[in-house]
Structures are given as C-alpha cells and as structure tokens.
1. Check D188, D196 and return the single one that is modelled with pLDDT of 95 or more, within 26 Å of L26 (Cβ to Cβ) and among the charged types (D, E, K, R).
2. Picking from G164, G245, G268, which residue would you name as being buried (at least 22 other Cβ atoms within 10 Å of the Cβ), more than 30 Å from D101 (Cβ to Cβ) and at pLDDT 95 or above?
3. Would segment 47-56 turn up any residue that is closer than 25 Å to D212 by Cβ and either in a loop (DSSP other than H, G, I, E, B) or among the small types (G, A, S) (or both)?
4. Go through segment 123-153 and count every residue that is touching a Phe, Trp or Tyr at 6+ places or on another chain (Cβ under 7 Å), open to solvent by less than 10 Å² (accessible area, probe 1.4 Å) and not in a strand (DSSP E or B).
5. Hey, Q406 hits all of (1) under 25 Å from T5 (Cα atoms); (2) of a type outside the set (V, I, T); (3) out of contact with any Leu (no Cβ under 6 Å at 6 or more places or on another chain) but one; which does it fall short on?
6. Would you confirm whether or not segment 295-302 contains a residue that is over 30 Å from I400 (Cα atoms), basic (K, R) and out of contact with any Asp or Glu (no Cβ under 7 Å at 6 or more places or on another chain)?
7. Give the residues of segment 103-118 that are farther than 12 Å from F138 by Cα and open to solvent by 10 Å² or more (accessible area, probe 1.4 Å), sorted by residue number.
Amino acid sequence: MAHQTYTDYFFDKSAFNTLDGGYIPLTVNQEAPAKPLAIPALHPVDHEDEQSVEYTVTARAGEVQMLPGKPTKTWGYDANVLGQTIVFKEGQHVTIHLKNDLPELTTFHWHGLNVPGPYVDGGCHAPVYPGETKDIEFDVVQPAATLWLHAHPCPETAVQVYKGLAAMVLVQDKQEEKLPFPRHYGVDDIPVILQDRHFNEDNQWDYQADYDPDGVQGPTAVINGTVNPYFDVTTRRLRLRLLDGANRREWRLHFSDDLEFAQIASDGGIMPSPVYFTHLMLSCAERAEVIVDFSKYEIGDQVVLYSDDVPLLTFRIKDKKDNGHDPLPEKLVDIPRLQPTPDLPVQEVVMSGMDEEVEMDWKKFDMQRIDRTQDLGVTQVWDVTNTNDMKGGMIHPFHIHGGQFQIISRDGHDPYPNEYGWKDTVGVNPGEHVRFAMKFDFAGVYMYHCHILEHEDGGMMAQIEVIDPSKPRPKYKLMDHHTLMTAFAKERGVSMDDMWIGAMNSYKKMGMHM
C-alpha cells in the first residue's frame, strides 16, 4: 500500500534558529581531513545475568585528535569524548557505580529513563564530587528506546555537556526484537550524536569565550566526536539513531537527493507506525530512529546527510548485503492512549523570554522550591505554552524528567505525524500551546525545563514533586545554591566573587538569586 511522504519540517519557519540575531551558521571545516565516523564502543558490564546488570560508569578527562595540530581537550564517560553506549534490557535490575574522575563535581542524568527522582534520576540534587563513587539502583520499566546520559549540575549543565559529557543509552525489549529492523550495532545500527563546536586557534573548545545566554553554538558540526565524518555502508539498509545533543542548535536533516527515509521511533521508543520523510527537524535533546534504504545506489556511490545546506555525514556505498529491504509493516507496536484521570486541573506551564530574561512559569529556577505537585499514578494533562515573542520568538524544546508523555494536541490541532509515540522532549513554537498526557510511575522530585542548555542553566526550569498519597510525604534533601557554588569555587581554586559561571549573569541581570 502506498504511504504518504512528508517533505517539510512542520515547525514555525519564522522561529528557526537561522533567524536568531546570534545565530552561527554551520560551515565545512576545510582544515579537517575526512575521517571514518567514530562509533562509540558498547560499554562493558561488570556483571550480567538474566535478571540483573551491573556497570561502573566513570566521568573523566581526555583529549581527541579532531583537527590537524593540537588535540582537543575533552570530557567523556569511559571515553575521551562523549561515552561508551550503555545497554539495558526491559525488566532488568540495574546497579551502576557512578565514578567521578573529573576535577569538579558532576551529576549523571539519565535523560528519558523512567526512574525515581531526584537522586537516581541524576539531576542537580545528585552531585558526585571529584574522586567520589556513588551507587544507584533501579528497575528498567519501559520499552525499547534510544535514551541518553548527560551531566546536569545546574547551573553548569551546558558547559559540562559542551566539554563532552553525553552518551547514548539503549533500552532493548522482546517486542522490538521481533520487528524487521537492522540491529547489528556499528554495522547497520548506528548512533549519530549531532553537536556543533567552535575550535579556537589551539583547537580547543573555549566555552567562556563563546558564551551566549541563548545557547552556545559553533560553526563546525561534530558528529559522534568526529569532524567531516564518513561511514562505509555495507548493507542495503541502515538504522540511524539520531540524537540532537547540541546545546542550542536545531538540525533540519535531509539527504543529498532528498532520499526518503522512515522514522520508526521517537524519544521514548517505537512509534505505532512508521512515518516517511524527506526532511526531518530535531530540536535539542530529541531523538529519532530512522531507517534508510540505500538499495537503489550502486557500489561507489555517495549519499550525504545535510542540515539545511551544510553536509554533516557522507555515506559511502561499499557493499549491498541484504539485511532486509521489504516494506516496513504498516503497524509496528500498540501504544494505548493515556486517558486523563477525571476532574484533575490542567498543569499549565509557561516558557517565556530570551537571553538573560528566560523564565519558567514567570519565575527563575530555585533549587529548593517545589513549583507544582502531581499524585503518583494519575494521568494529568499538561499545557505547555511558549509565550516568547521577543525578537520574533524562538522554538523552545520542553523536557520533563521522570518518564515519558503522550502529545494530545498543538493549539487544539492534531500533533505532528511522528508525535504519536512516547516523548520526553517536545519543540514548542512561539505562541503555541502543546498539550500532553503525563503519568508518573515513581514518587519524587523532578525538573522540567527548556532543553536549550543555557536557558535551563539561566533559569527556564522548575520542579514538580510527585506524591504518593498512600504514604507520608517524605523530606527530600535538595541541593542548595550556596553549597553548589562553594564546591565549584573550592574545586577551581578561586573565590566565589572571582568565579565565572555564565548562567549566573541571567540571575544577576534580573536582580534574582538561584
């Protein structure tokens, strides 16, 4: 049966980041020779059996030869930059030893993973100090998905991710195993982490020099930590696990000849049906799994993945081994629609502002303030509004910790065609209301925020406490601003007054404190 193919990006073009006054366009770095796309190694396990798995994950410093000349100093998880790919299986009990070999505190946030907050979730209330190891445990209670791990030590999330602290996390399950998808990791199942950087004259990433309160950008695309990458295709089909891991940049993706591809999964897992595109946009932190069929090309051909008009990744056709090229089934998985619990008010959330004036719910983030509550196990409707009309406005990617949601509508209309699966991040156009249904499976404190990293650090963030009404309300030990700043100053060997943290200017310029 013929399927519909979508050829536009859906989002409000007048709010694309290309129109932002501080936008830095991508360019091809002519100094860098073409290199094979780096494929993050699969993370080794400490122990695994049918019921459980144990990992040690270490944040550490390294360096990578990205350009000719000096290597670039970076941070990563058991890798010089980014991290080794961590794999969980649905139903497993997981134990992770979180080890910090960095010179300053960090946190380990499991973006998209359905785990208790605020400590296991790894937001700002779960610091791991230099030389320290902390253990977390949880059960994997969600379907197969492409998630990710990144640092989240407010207000230094942006700089630590920029230095390289981001890694893919894959959840596997038996239902996904039955679907006709490529799944030979590194051969036809490929992680593609999309980031951008500015290299100074010494080939280093100087975050302070490049700081922009609306999000740090760089002119050079860095894909899986590789500049000017290519990938040698040996099979007819590839599964690309796309992650927008940039601080600020949106990626408007298409192939050199508008080759059609099928999106099979969104942030939280496999979608009900494949959706076919020639053009796909990702806002910060969104993921999309797509299947690309290269059958029509000949050995020796090249196909290029672009963002707007800039080449990102060249696919060189080296072989055409048959790894399945029949049409995808019209139906992939059943995802029952969440039914809102009757008589509950709508959780109304407002994102506003640009630059230093960013706010969530008309306030800046306070680490010890609980902004709203929701009962455990109920399904509540959230209405997220982007009121931003400053300088023409911008798209804000809204993310909530603690689980996945289902989009109900955009301004009362149907969601975009690829938004009927599970999501944890959604791009919201200026002036738009996005409604979704959200049910939490664990009590705890969770953050929700814009995922432009400088915006969340600058205060476009708030907290919800999920309450189990059958139990006494616990007292959570929430990190406070003074303790965090004191630790950073001590680790850097500077006074509090002399310490530079870009995001704190967003508070100071508005006469506020975190």
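1. Every option except D196 fails the conditions.
2. Values: G164 fails: more than 30 Å from D101 (Cβ to Cβ); G245 fails: more than 30 Å from D101 (Cβ to Cβ).
Matching residue, one of G164, G245, G268: G268.
3. Step one: of segment 47-56, the residues closer than 25 Å to D212 by Cβ are none.
No.
4. Qualifying residue count, segment 123-153: 1.
5. For Q406, the exception is condition (3).
6. As a first pass, look at segment 295-302 and keep what is over 30 Å from I400 (Cα atoms): 295-302.
This time we only want the ones that are basic (K, R), so: 296.
Add one more test, that the residue is out of contact with any Asp or Glu (no Cβ under 7 Å at 6 or more places or on another chain), and what stays is 296.
Checked segment 295-302: at least one residue is over 30 Å from I400 (Cα atoms), basic (K, R) and out of contact with any Asp or Glu (no Cβ under 7 Å at 6 or more places or on another chain).
7. At the first step, the residues of segment 103-118 found to be farther than 12 Å from F138 by Cα are 103-109, 111-112, 118.
Of everything in segment 103-118, those that are farther than 12 Å from F138 by Cα and open to solvent by 10 Å² or more (accessible area, probe 1.4 Å) turn out to be P103, E104.
Conditions (1) under 30 Å from S409 (Cβ atoms); (2) touching a Lys or Arg at 6+ places or on another chain (Cβ under 8 Å); (3) open to solvent by less than 70 Å² (accessible area, probe 1.4 Å), marked per residue:
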{"residue": "G427", "(1), (2), (3)": "yes, no, yes"}
{"residue": "I452", "(1), (2), (3)": "yes, yes, yes"}
{"residue": "G458", "(1), (2), (3)": "yes, yes, yes"}
{"residue": "D468", "(1), (2), (3)": "yes, no, yes"}
{"residue": "K477", "(1), (2), (3)": "no, no, no"}
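The values are calculated or read from the model by the stated rules, or taken from the named source; none is laboratory data. Being a predicted model, the structure only gives us computed values, none of them experimental. Reconstructed Cβ throughout: ideal geometry from the backbone, glycine too, with neighbour counts over all protein chains shown. These accessible areas exclude ligands, DNA and RNA; they are computed on the full protein's heavy atoms, side chains included. Shrake-Rupley method; radii C 1.70, N 1.55, O 1.52, S 1.80 Å.
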